[in-house]
Amino acid sequence: MLTINLIREKKDFIIERLNVKNFKAEEIIERILALDSSRREIQSKTDNMQAEMNQISREIGILMKNGKKEEAEAAKAKTYSLKEEIKLLSDKIVPIDIDLKNEIVRLPNLPHESVAGGHGADDNVKVRQGGVIPQLSVTALPHWDLIKKNNIIDFDLGIKLTGAGFPVYLGKGAKLERALINFFLDEGSKAGYREVMPPIVVNEDSGFGTGQLPDKEGQMYHANLDNFYLIPTAEVPVTNIYRDVILNAEMLPLKNIAYTPCFRREAGSWGAHVRGLNRLHQFDKVEIVRIDHPDHSYESLTEMVNHVENLVSKLELPYRILKLCGGDMSFTSALTYDFEVWSAAQKRWLEVSSVSNFESFQANRLKCRFKEKGEKQTRLVHTLNGSALALPRIVAAILENNQTESGIKIPKVLIPYTGFDLIN
RNA sequence: GGAGAGAUGGCAGAGUGGUCGAAUGCGGCGGUCUCGAAAACCGUUGUUCGCCUUCCGGCGAACCGGGGGUUCGAAUCCCCCUCUCUCCGCCA
């Protein structure tokens, strides 16, 4: 959520920047500014009337104390019409506030100044590429066939238990999953992230805080009876730890890492490219979440990108890093780098991580602020997060890229975690 | 699920209709003392919004779990909701 101050002061700048996200902001902003100025006008008036009212009440209190009943009654008489006026005016503020918030919440975050325009994935900029793309034999199999052959994940069983997109990991498949989770968490700890195990269902306030609600309601599973949502990413509970919190500047940065299962309804997104592990309703992910000082958040973003790059390198996966164009960036993000790994049998890149700086956009929703030592004024923090990493597509790439005549080779760094070096 | 108690500032904890944004203690910050530190003492210490101000800041409004009501006036009275705790039941 953009701050009302910014909208008041930099209207044209906002319109120009949101244009990069292909978002036409002009009308919304005009409505916001109109609502904002009438709100301020009304508030000024009611504040003054209320001050008068408070003054009279105080006087009545003193009169009563001194036993001057008649004078008190006379003073009371003065309040009736004033009270009515205040009520009339302040009632007008309520719907204006609601409209105002509804409009502000519709504005996406401003893209960072370095973000270029564009309409979709084709306009993303490749930052760099690493690793070696393996040349597989003609008999090489896509991961869903390898999975079946080795009986390490059972999709049909998941359908029986729950439905499509809820796979059951078995034997070495389950162990590989657990190994990856532990590897990612350990790497995070080494990099100074605090490990967190949050709830995986959250309330409505948390959903609002990170920007899933109200708009992306359809993407989350909802437990109606309790009005809880299954988390689509650990970002939601972990970032919301800092909802309604005022931090001291010297506490920053706060670095957290969490493994959670993630749940996504993915309504309407099923098609040709979602076979096997490519897209699931439930999947495992390790997420890094940072709360940062605004002056250092872009250095942090770079540090996070390096961390994720280190992970895919250690797993010996060919990868590329993309800087997203305005049109492909999420509603809440100011700058996003996507990581993709090469899936050698499908012969395509799979997105495995998205590392973003949200600047103060989430912080404003969360009301997460900080204070510089000795200063009275609060400022909004910057929030950042990134997958480090999302598991299913990593598993898909490992299976496909590492297949040999004798079986699927486990990357060296994972062997201490799996306890085996081959799936066959 | 049944019965009861409660929700006050960073924390603890007073306050049951009238200058109460709220006593007191602890913590935090600043100072005195000290070579330095501790102790002691003094001072200070919430957030949001509006108006004014070049800065420092000033003035006003709101906030004692959330929402509504009574009243000239509500932390205090009434109603609804949420949450927490205790006991019982059930239970990984």
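Considering each of A:44, A:57, A:37, A:81 in turn, give the residue that is open to solvent by 40 Å² or more (accessible area, probe 1.4 Å), touching a Ser or Thr at 6+ places or on another chain (Cβ under 9 Å), within 14 Å of RNA strand B (Cβ to nearest atom) and outside the structural domain of residue A:334 (by TED's automatic domain parsing).
After ruling out the rest, the residue left standing is A:57.
So which residues in the stretch A:399-424 are under 17 Å from residue A:344 (Cα atoms), open to solvent by 10 Å² or more (accessible area, probe 1.4 Å) and assigned to a helix (DSSP H, G or I), if there are any at all?
Within the stretch A:399-424, just A:401 meets the criteria.
Restricting to the stretch A:293-315, give me the number of residues that are of a type in the set (Asp, Glu) and crowded, with 24+ Cβ neighbours inside 10 Å.
Of the residues in the stretch A:293-315, 0 are of a type in the set (Asp, Glu) and crowded, with 24+ Cβ neighbours inside 10 Å.
Criterion first (in the same structural domain as residue A:377 (by TED's automatic domain parsing), open to solvent by 50 Å² or more (accessible area, probe 1.4 Å) and within 16 Å of RNA strand B (Cβ to nearest atom)) does residue A:182 satisfy it?
Spelling it out, it is not the case that residue A:182 is in the same structural domain as residue A:377 (by TED's automatic domain parsing), open to solvent by 50 Å² or more (accessible area, probe 1.4 Å) and within 16 Å of RNA strand B (Cβ to nearest atom).
Give me the pairs: first residue in the stretch A:249-263 and in the same structural domain as residue A:304 (by TED's automatic domain parsing), second residue open to solvent by 20 Å² or more (accessible area, probe 1.4 Å) and polar (S, T, N, Q), beta-carbon distance under 8 Å, and six or more apart or on different chains, which are they?
Matching pairs, first to second residue: A:257/A:189; A:261/A:282; A:262/A:282; A:263/A:282.
Given (1) open to solvent by less than 10 Å² (accessible area, probe 1.4 Å); (2) under 14 Å from the mean Cα position of the chain (by Cα); (3) more than 16 Å from RNA strand B (Cβ to nearest atom), where does residue A:330 come up short, assuming only one miss?
For residue A:330, the failing item is (1).
Could you tell me which residue of the stretch A:84-125 is least open to solvent (accessible area, probe 1.4 Å), considering only residues that are small (Gly, Ala, Ser) and in a helix (DSSP H, G or I)?
Only one residue fits best here, namely A:90.
Give the stretch A:2-45 a look and list any residue that's outside any helix (DSSP H, G or I) and in contact with a Gly (Cβ under 7 Å, 6 or more places away or on another chain), or say none.
A:21, A:22
Just for the stretch A:8-28: of the residues that are within 16 Å of RNA strand B (Cβ to nearest atom) and in contact with a helix residue (DSSP H, G or I) (Cβ under 8 Å, 6 or more places away or on another chain), which one is nearest to residue A:123 (Cα to Cα)?
Among residues in the stretch A:8-28 that are within 16 Å of RNA strand B (Cβ to nearest atom) and in contact with a helix residue (DSSP H, G or I) (Cβ under 8 Å, 6 or more places away or on another chain), the one nearest to residue A:123 (Cα to Cα) is A:11.
Which one is farthest from the chain's Cα centre (by Cα), of the residues in the stretch A:167-218 that are under 30 Å from residue A:106 (Cα atoms) and small (Gly, Ala, Ser)?
Here the residue is A:218.
Somewhere in the stretch A:85-96, is a residue closer than 19 Å to residue A:1 by Cα and either small (Gly, Ala, Ser) or modelled with pLDDT of 90 or more (or both)?
Yes; the residues of the stretch A:85-96 include at least one that is closer than 19 Å to residue A:1 by Cα and either small (Gly, Ala, Ser) or modelled with pLDDT of 90 or more (or both).
Here's the yes/no breakdown for (1) closer than 16 Å to residue A:260 by Cα; (2) at pLDDT below 95; (3) surrounded by 15 or more Cβ atoms within 10 Å (Cβ to Cβ); (4) not charged (D, E, K, R):
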{"position": "A:127", "(1), (2), (3), (4)": "no, no, no, yes"}
{"position": "A:164", "(1), (2), (3), (4)": "no, yes, no, yes"}
{"position": "A:193", "(1), (2), (3), (4)": "yes, no, yes, yes"}
{"position": "A:210", "(1), (2), (3), (4)": "no, yes, yes, yes"}
{"position": "A:217", "(1), (2), (3), (4)": "no, yes, no, no"}
{"position": "A:227", "(1), (2), (3), (4)": "no, yes, no, yes"}
{"position": "A:230", "(1), (2), (3), (4)": "yes, yes, yes, yes"}
{"position": "A:234", "(1), (2), (3), (4)": "yes, no, yes, yes"}
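So in the stretch A:347-383, with the set limited to residues that are more than 16 Å from RNA strand B (Cβ to nearest atom) and open to solvent by 70 Å² or more (accessible area, probe 1.4 Å), which one is nearest to residue A:279 (Cα to Cα)?
Selected residue: A:351.
Could you list, in sequence order, all residues of the stretch A:215-271 that are part of a strand (DSSP E or B) and among the hydrophobic types (A, V, I, L, M, F, W, C)?
Of everything in the stretch A:215-271, those that are part of a strand (DSSP E or B) and among the hydrophobic types (A, V, I, L, M, F, W, C) turn out to be A:223, A:228, A:230, A:245, A:246, A:247, A:254, A:257, A:258, A:262, A:263.
Filter the stretch A:60-78 for residues that are of a type outside the set (Lys, Arg), near RNA strand B (Cβ under 8 Å from one of its atoms) and either open to solvent by 80 Å² or more (accessible area, probe 1.4 Å) or not in a helix (DSSP H, G or I) (or both) and give the result.
Those that are of a type outside the set (Lys, Arg), near RNA strand B (Cβ under 8 Å from one of its atoms) and either open to solvent by 80 Å² or more (accessible area, probe 1.4 Å) or not in a helix (DSSP H, G or I) (or both): A:62, A:64.
With among the small types (Gly, Ala, Ser), modelled with pLDDT under 95, crowded, with 24+ Cβ neighbours inside 10 Å and closer than 27 Å to residue A:336 by Cβ as the only criterion, which of A:396, A:388 stands out?
So the residue among A:396, A:388 that is among the small types (Gly, Ala, Ser), modelled with pLDDT under 95, crowded, with 24+ Cβ neighbours inside 10 Å and closer than 27 Å to residue A:336 by Cβ is A:388.
The values are calculated or read from the model by the stated rules, or taken from the named source; none is laboratory data. Since the model is a prediction, treat every value here as computed from it, not as a measurement. Note that we place each Cβ from the backbone using ideal geometry, even for glycine, and neighbour counts take in every protein chain shown. Ligands, DNA and RNA are excluded from the accessible area calculation, which covers all protein heavy atoms including side chains. Shrake-Rupley method; radii C 1.70, N 1.55, O 1.52, S 1.80 Å.
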